[in-house]
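First comes the structure, then the notes that go with it.
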Amino acid sequence: MPLRIDVITIFPDYFAPLQLSLMGKAQQSGLVTIAIHDLREFTSDRHRSVDDTPYGGGAGMVMTPEPWGQAIDAVVTDQSTLIVPTPAGKLFSQPVAAELAHSTHLIFACGRYEGIDQRVVEYYRPRIDVRELSIGDYVLAGGDVATLAMIEASVRLVPGVLGNPESLVEESHQLPGVEYPSYTKPPTWRGLDVPEVLLSGHHDQIARWRAEQSTIRTTHNRPDLLPGS
Ligand SMILES: COc1ccc2nc(C(=O)O)sc2c1
């Protein structure tokens, strides 16, 4: 059963990259099906409007609930997971990507402006799995880029999508922390040599060196990922 993904957005063109490279191949192979829906197709007024002023005042505009209700109703099943990208959401992570990769049906509701009327989440929460997710501690202009990131991170974990599942095995055995640095040919480039141990053929020494480099990098760049932090 392929993973089905429906993306609802006012900027369908944002998702053209999903036809390229690994994501494109995943669709061609039938492992994943991705459909992009223009929210404005689900409006009923002449101006195809999707937003209005916020109750309670404040800057910006809020996306009205009805077009979202119409659009989600058009694709939802009882197997769906509705994902709403929002700066207020739980942090998306590799474990969450792995969960999504094993879902049956994902619906991404890509908000813009100040977000989507909260009643959309409230309406679907008793009916299906609803997840408000953020990709990081910064604020984008909308949910579209966050959705692209979450789709790519999740779909690459769908069994069969990655040509070489070995790379996933390495990832899953990754020590807590960030990856070691990588090198390839030529052995010397602009006077810079590849670390000698990597050319030695001593696999134990290479593994030790890589573990040390991962720890050094994690300590410097992501001390929050160190064990016990
Ligand atoms: C209005 O919709 C938005 C706006 C900003 C934003 N920023 C996100 C993030 O994950 O950083 S998701 C998201 C959704």
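The values are calculated or read from the model by the stated rules, or taken from the named source; none is laboratory data. For clarity, every value in this text was computed on a predicted model and none was experimentally measured. Heads up, the Cβs are rebuilt from the backbone with ideal geometry, glycines too, and the neighbour counts pull from every protein chain shown. SASA here: full protein model, heavy atoms, side chains in, ligands and nucleic acids out. Shrake-Rupley method; radii C 1.70, N 1.55, O 1.52, S 1.80 Å.
Some notes on this structure:
- A cut-off of 5 Å between modelled amide H atoms, ignoring neighbours fewer than 5 places along the same chain, links Leu82 with Ile107, Asp129, Val130, Arg131.
- Carbon/sulfur fraction of accessible area - the stretch 10-57, other protein chains in place, 1.4 Å, %: 52 percent
- Percent breakdown of C-alpha pair distances by 10 Å bin, ordered from the shortest bin, for the stretch 166-225: 21, 45, 31, 4
- These residues, Ser49, Ser103, Ser80, Ser29, go from largest to smallest accessible area, 1.4 Å probe, as Ser29, Ser49, Ser103, Ser80.
- Only protein heavy atoms count here; on that basis, with a 1.4 Å probe, Ser44 has an accessible area of about 120 Å².
- Kirkwood Rh and Cα Rg combined as Rg/Rh, the chain: 1.07
- The stretch 149-155 - phi-based ³J(HN,Hα) in whole Hz, Karplus 6.51/-1.76/1.60, Gly and Pro as x: 5, 5, 5, 5, 5, 7, 5
- Total formal charge among the other residues, if their Cβ is under 14 angstrom from that of Glu114, Lys/Arg +1 and Asp/Glu -1: -2
- His202, His37, reordered so the largest accessible area comes first (probe 1.4 Å): His202, His37
- The heavy atoms of Thr64 present about 40 square angstrom of accessible area, all protein chains included, probe 1.4 Å.
- In the elastic network of the chain, a GNM with C-alpha springs shorter than 10 Å, the most mobile of Asp73, Asp193, Asp137 is Asp193.
- Net charge contributed by nearby residues that have their C-beta within less than 15 Å of Thr77 (K/R +1, D/E -1): -2
- Of all DSSP bridge pairs formed entirely within the chain, close to 15 percent run antiparallel.
- Most mobile of Pro181, Pro67, Pro165 in a GNM of the chain (Cα contacts under 10 Å): Pro181
- For Val178, the residues whose modelled amide H falls within less than 5 Å of its own, excluding neighbours fewer than 5 places apart on the same chain, are Thr218.
- Solvent exposure, largest accessible area first (probe 1.4 Å, DNA, RNA and ligands not counted), of Phe42, Phe15: Phe42, Phe15
- Solvent-accessible area per residue in the stretch 61-200 equals 55 Å², computed with a 1.4 angstrom probe and all protein chains kept.
- Residue-count net charge about Phe42 - beta-carbon cut-off 13 Å; Lys, Arg +1, Asp, Glu -1: -4
- The stretch 18-119: C-alpha pair distances exceeding 16 Å, %: 67 percent
- Accessible-area value, Arg40, 1.4 Å probe, nucleic acids and ligands omitted, Å²: 60 Å²
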